[in-house]
Amino acid sequence: MVGSDSKAGHVLVVGSTMIDLVAYTQRVPEAGETIVGDRFQMGFGGKGANQAVMASLVGAGVTMAGAVGDDSYGQMALQNLGSFGIDTGHVHVVPGASGVAPIWVEPDGTNRIIIVPGANEGLTAAMAVDAVGSIADLSVVVGQLEVPQAATAAAFAEAVRRGVPTVLNPAPAAALEPDLLGVTDWLIPNEVEFSVLAGGAQPDDDAALVACSQHTGARLLVTLGGDGVALVEVDGTVSRFPADLVEPVDTTGAGDAFVGAFVAGLASGLDEMAAVRLGMACAGESVTRPGTQTSFPSGERCREILSACS
Ligand code: RIB
């Protein structure tokens, strides 16, 4: 079992790595149509890796549990995570292609993403549980839905057994397996994912937010893009945090910036309101720059944001 000296706690991310293949375009093509894009950028992504990078930039010790392919993309993804000081000892190299994500971004910053999970599907429950067991000073475990739900559920169950809080970003939207939901302390969907969880309800309806939190048995935080964040508090009141007005360039990964910073905030001992403000500040800055991890605030900037939120 390893520990870290970090006063900022230790986050385990059970999640995906992808290589993002991003086309910036004036508009997206119709079926059967070919159009000329403006610019292409390859980058490092995957909701799990993005959240791990953001948490590390904020100052948490971070371990990632996941799987990459035995190809050059897999090696690049491992090197990238290592360059942020993330422990990749539980990112397994499995036969086949690494995950990729073709992404289209339009001039208003909105994105459309297709993920092809590839090796991410190779993460097993045993691998994920092993990662939980390897961290002595574990503060928070966070997962998403780009690796098998059974692996995340097993890791969360082990975390709950140890009294460690679990946070699920249910993205991309999918029905949640009861075994996973039953060991999830916090749910952080965006509007689309909330609607799937809540049977078509919309997050502008406070009663729907409260009903969803009660039904799932989890604390609920919904990210609303330019409309900020909605939080269902322990006593069932809904608090809405408006976003700062910014000119978005590329919204890809903004949700991951929020989740990664939020869990790092919890790991460092911030209360939930301060952790929400930290997440919003990091996400708000990320949409003003192109790319996914490349758009995140620097470690130095994160320290400034963190001290302003503490
Ligand atoms: O949330 C953004 C991420 O979704 C991208 O980095 C892409 O890889 C997909 O996982």
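The values are calculated or read from the model by the stated rules, or taken from the named source; none is laboratory data. Bear in mind the structure is a predicted one, so any value in this text is a computation, not a measurement. Ideal geometry is used to build each Cβ from the backbone, glycine not excepted, and the neighbour counts take in all protein chains shown.
Data overview
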| quantity | calculated |
| --- | --- |
| Residue ID - nearest to ALA153 (Cα to Cα), chosen from residues in the stretch 118-141 that are crowded, with 21+ Cβ neighbours inside 10 Å and within 15 Å of the ligand (Cβ to nearest atom) | LEU123 |
| Residues satisfying the stated conditions in the stretch 209-250, i.e. touching a Gly at 6+ places or on another chain (Cβ under 9 Å) and of a type in the set (D, E, K, R) | ARG240, ASP244, GLU247, ASP250 |
| Candidates GLY15, GLY43, GLY37, GLY9, filtered to the one that is surrounded by fewer than 19 Cβ atoms within 10 Å (Cβ to Cβ) and modelled with pLDDT of 95 or more | GLY37 |
| Evaluation of VAL105 against (1) surrounded by fewer than 23 Cβ atoms within 10 Å (Cβ to Cβ); (2) within 13 Å of the ligand (Cβ to nearest atom); (3) not polar (S, T, N, Q) (one fails), failing number | (1) |
| Candidate set: the stretch 188-223, residues that are surrounded by fewer than 18 Cβ atoms within 10 Å (Cβ to Cβ) and in contact with a Ser or Thr (Cβ under 9 Å, 6 or more places away or on another chain); chosen: the one nearest to LEU145 (Cα to Cα) | GLU191 |
| Residue within the stretch 19-34 that is modelled with pLDDT of 95 or more and in contact with a Leu (Cβ under 9 Å, 6 or more places away or on another chain) present | no |
| Subset of the stretch 269-292 (residues that are under 28 Å from GLU106 (Cβ atoms) and of a type in the set (Asp, Glu)) | GLU285 |
| Verdict on ALA65 being modelled with pLDDT of 95 or more, farther than 26 Å from ASP250 by Cα and surrounded by fewer than 21 Cβ atoms within 10 Å (Cβ to Cβ) | no |
| Identity of the residue in the stretch 45-63, within 16 Å of the ligand (Cβ to nearest atom) and in contact with an Asp or Glu (Cβ under 7 Å, 6 or more places away or on another chain), that ends up nearest to GLY291 (Cα to Cα) | GLY45 |
| ALA131 being of a type in the set (Gly, Ala, Ser) and farther than 18 Å from VAL263 by Cβ | no |
| Residue count for the stretch 133-154, restricted to those that are part of a helix (DSSP H, G or I) and more than 17 Å from ALA49 (Cα to Cα) | 4 |
| Residue match in the stretch 231-241 (condition: under 20 Å from the mean Cα position of the chain (by Cα), modelled with pLDDT of 95 or more, within 16 Å of the ligand (Cβ to nearest atom) and not in a loop (DSSP other than H, G, I, E, B)) | no |
| Any chance VAL183 is among the β-branched types (Val, Ile, Thr) and assigned to a loop (DSSP other than H, G, I, E, B) | yes |
| Boolean, ALA97 is within 16 Å of the ligand (Cβ to nearest atom) and surrounded by fewer than 24 Cβ atoms within 10 Å (Cβ to Cβ) | yes |
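A quick yes/no check of all residues on (1) crowded, with 18+ Cβ neighbours inside 10 Å; (2) part of a helix (DSSP H, G or I); (3) within 16 Å of the ligand (Cβ to nearest atom); (4) among the polar types (S, T, N, Q):
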position: ASP256; (1), (2), (3), (4): yes, yes, yes, no
position: GLY260; (1), (2), (3), (4): yes, yes, yes, no
position: GLY265; (1), (2), (3), (4): yes, yes, no, no
position: GLY269; (1), (2), (3), (4): no, no, no, no
position: ALA275; (1), (2), (3), (4): yes, yes, no, no
position: ARG289; (1), (2), (3), (4): no, no, yes, no
position: PRO297; (1), (2), (3), (4): yes, no, no, no
position: ARG301; (1), (2), (3), (4): no, yes, no, no
